[in-house]
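Asks: Take this structure, written in structure tokens, and hold onto it; I'll ask about it next.
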Amino acid sequence: MGPALVPARVHADNGNLAARTGVRSPEGGYPLPHPGAHQMRRLASLVSILVLSGGCASAAASPSGPSPSPAGPTVGFALRAWTSQALPPVGRFPNAGPSVAIDQGRLITYGPQIDIFPGPLLPNLQQRPISRAGIDAVVAAARAAGLLDGPTDFTDNLPPGSQTAHLLFVIAGVEREVVGDPTRMIVCVRAPCVAPPGTPEAFGAFWAQVQDIPTWLRGELGNEAPATFDRLAVLLTEPMLDATLPPSVVAWPLAGPMAKFGDEWPGSPPVRCGVIGGPDLAPALAVFKSANQYTRWTDEAHALYGVVARPLFPGEPDPC
């Protein structure tokens, strides 16, 4: 007799933690969570996108340790993880991006955030090499969960306002997006406690597994280092004020008036959203890395803004 499985929904934090250090929402005065801090607090949710080259789906033998310079099917492999939720754009912006990624043999995750107030402007993005065997293990687990063929929607009538987890698989240039409930689990009555493949519970189990790849595949990972990225998503908002903090005003690092940066998002007050890349990225990072979430930014026109910023993961669409 197989295991008796009882579907259950397990509460997840959904990333809305008042304890996070963040900027204050221009829409309602509530703190906007830092784009990296939700990694340490969320119990059962990360979403994964796997961008796989053709050979990655095999479970071929591989070296016993991580490969600092991956070759073969690991080259070009990428994983991104994100959730979606019915929130206003400004409230969704800090956590709208991936929470974990694999790209060109790198595992990219959010590292621990320094516990100070106000917190750093930029999150602590870290990367580690992942071996071919590690990538094969991720693919094998996805296949065993029934996520690489068959149904693509495992949301199972999620309540309004819930988070939806997204997994986008791209294999040999063919995309396959799978969505589900990141909190869906099984209640194990009799071992072994394995959800049947192609079920919402199998989706939830795979989700929980990939959200902690450093533990799951620790033997297939190399040393951690600060992650590199080539784009930075930025919101210009009303500056945040705190009577207990001395004001810190820094010159906007880009050419042109801040009032013309990116695109305007409607609201009260309105905000501006733009992506910094190319030759503008280095000067922006030079000042952003030493700024905090309450730093005020000004330009030659004496405009005054606050900034919310997060790196864009490889393959992530422009959020603006």
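Asks: Of the residues Ala227, Ala191, which is in contact (Cβ under 8 Å) with a residue 40 or more places away in the chain, open to solvent by 40 Å² or more (accessible area, probe 1.4 Å), out of contact with any helix residue (DSSP H, G or I) (no Cβ under 9 Å at 6 or more places or on another chain) and small (Gly, Ala, Ser)? So that I can check it myself, show each step before the final result.
Replies: On the way: Ala227 fails: open to solvent by 40 Å² or more (accessible area, probe 1.4 Å).
Just one listed residue meets the conditions, Ala191.
Asks: Thr215 - would you say it is open to solvent by 50 Å² or more (accessible area, probe 1.4 Å) and part of a loop (DSSP other than H, G, I, E, B)?
Replies: On the way: open to solvent by 50 Å² or more (accessible area, probe 1.4 Å): yes; part of a loop (DSSP other than H, G, I, E, B): no.
Judged against the criteria, Thr215 is not a match.
Asks: Here is a further query. Against the condition open to solvent by 50 Å² or more (accessible area, probe 1.4 Å) and closer than 23 Å to Pro123 by Cα, how does Pro279 come out, does it pass? Let's see the steps before the verdict.
Replies: On the way: open to solvent by 50 Å² or more (accessible area, probe 1.4 Å): yes; closer than 23 Å to Pro123 by Cα: yes.
For Pro279, the condition - open to solvent by 50 Å² or more (accessible area, probe 1.4 Å) and closer than 23 Å to Pro123 by Cα - is met.
Asks: Specify which of the listed residues (Leu245, Leu236, Leu232) is part of a loop (DSSP other than H, G, I, E, B), closer than 21 Å to Leu122 by Cβ and of a type in the set (A, V, I, L, M, F, W, C).
Replies: Details: Leu236 fails: part of a loop (DSSP other than H, G, I, E, B); Leu232 fails: part of a loop (DSSP other than H, G, I, E, B).
After ruling out the rest, the residue left standing is Leu245.
Asks: Let me ask something else about it. Considering only residues that are farther than 24 Å from Phe169 by Cα and in contact with a helix residue (DSSP H, G or I) (Cβ under 9 Å, 6 or more places away or on another chain), which ones fall in segment 305-319? Before the answer, list the steps.
Replies: Of all residues in segment 305-319, those farther than 24 Å from Phe169 by Cα come to 305-309.
Hits for segment 305-319 are Tyr305, Val307, Val308, Ala309.
Asks: Out of segment 194-208, which residues are within 18 Å of Asp149 (Cβ to Cβ) and open to solvent by 70 Å² or more (accessible area, probe 1.4 Å)?
Replies: Pro197 - this is the single residue of segment 194-208 that is within 18 Å of Asp149 (Cβ to Cβ) and open to solvent by 70 Å² or more (accessible area, probe 1.4 Å).
Asks: Then there's this: Quick one: which strands (runs of 3 or more DSSP E) sit completely within segment 81-120 and have at least 3 residues that are open to solvent by less than 50 Å² (accessible area, probe 1.4 Å) and among the aliphatic types (A, V, I, L, M)? Spell out the reasoning first.
Replies: Details: elements: 82-84, 100-103, 106-110.
Result: 100-103.
Asks: Then there's this: Would you confirm, using the coordinates I've provided, whether Ala165 is modelled with pLDDT of 85 or more, more than 30 Å from Lys289 (Cβ to Cβ), hydrophobic (A, V, I, L, M, F, W, C) and in a strand (DSSP E or B)?
Replies: Details: modelled with pLDDT of 85 or more: yes; more than 30 Å from Lys289 (Cβ to Cβ): yes; hydrophobic (A, V, I, L, M, F, W, C): yes; in a strand (DSSP E or B): yes.
Taking the combined requirement at face value, the residue satisfies it.
Asks: Another one. Go through segment 134-154 and report how many residues are farther than 14 Å from Pro214 by Cα, out of contact with any Cys (no Cβ under 8 Å at 6 or more places or on another chain) and not in a strand (DSSP E or B). First the steps, then the outcome.
Replies: Residues of segment 134-154 that are farther than 14 Å from Pro214 by Cα, as a first pass: 136, 139-154.
Then keep just the ones that are out of contact with any Cys (no Cβ under 8 Å at 6 or more places or on another chain); that gives 140-154.
Next, only the ones that are not in a strand (DSSP E or B) stay: 140-152.
Total satisfying the criteria: 13.
Asks: Could you check how many residues of segment 292-314 are more than 21 Å from Asn124 (Cα to Cα) and open to solvent by less than 40 Å² (accessible area, probe 1.4 Å)?
Replies: Selection size over segment 292-314: 4.
Asks: Within segment 274-319, can you find the residues that are of a type in the set (Gly, Ala, Ser), within 24 Å of Pro118 (Cα to Cα) and without any contact (Cβ under 8 Å) to a residue 60 or more places away in the chain? So that I can check it myself, show each step before the final result.
Replies: Of all residues in segment 274-319, those of a type in the set (Gly, Ala, Ser) come to 274, 277-278, 282, 284, 286, 290-291, 301, 303, 306, 309, 315.
Now restrict to residues that are within 24 Å of Pro118 (Cα to Cα): 274, 282, 284, 286, 290-291, 303, 306, 309.
Result: Gly274, Ala282, Ala284, Ala286, Ser290, Ala303.
The values are calculated or read from the model by the stated rules, or taken from the named source; none is laboratory data. Just so it is clear, the structure is predicted and the values come from calculations on it, not from any experiment. In this analysis, Cβ positions are derived from the backbone assuming ideal geometry, glycine residues included, and neighbour counts consider all displayed protein chains. Note: accessible area is taken over every heavy atom of the protein model, side chains too, but ligands, DNA and RNA are not part of it. Shrake-Rupley method; radii C 1.70, N 1.55, O 1.52, S 1.80 Å.
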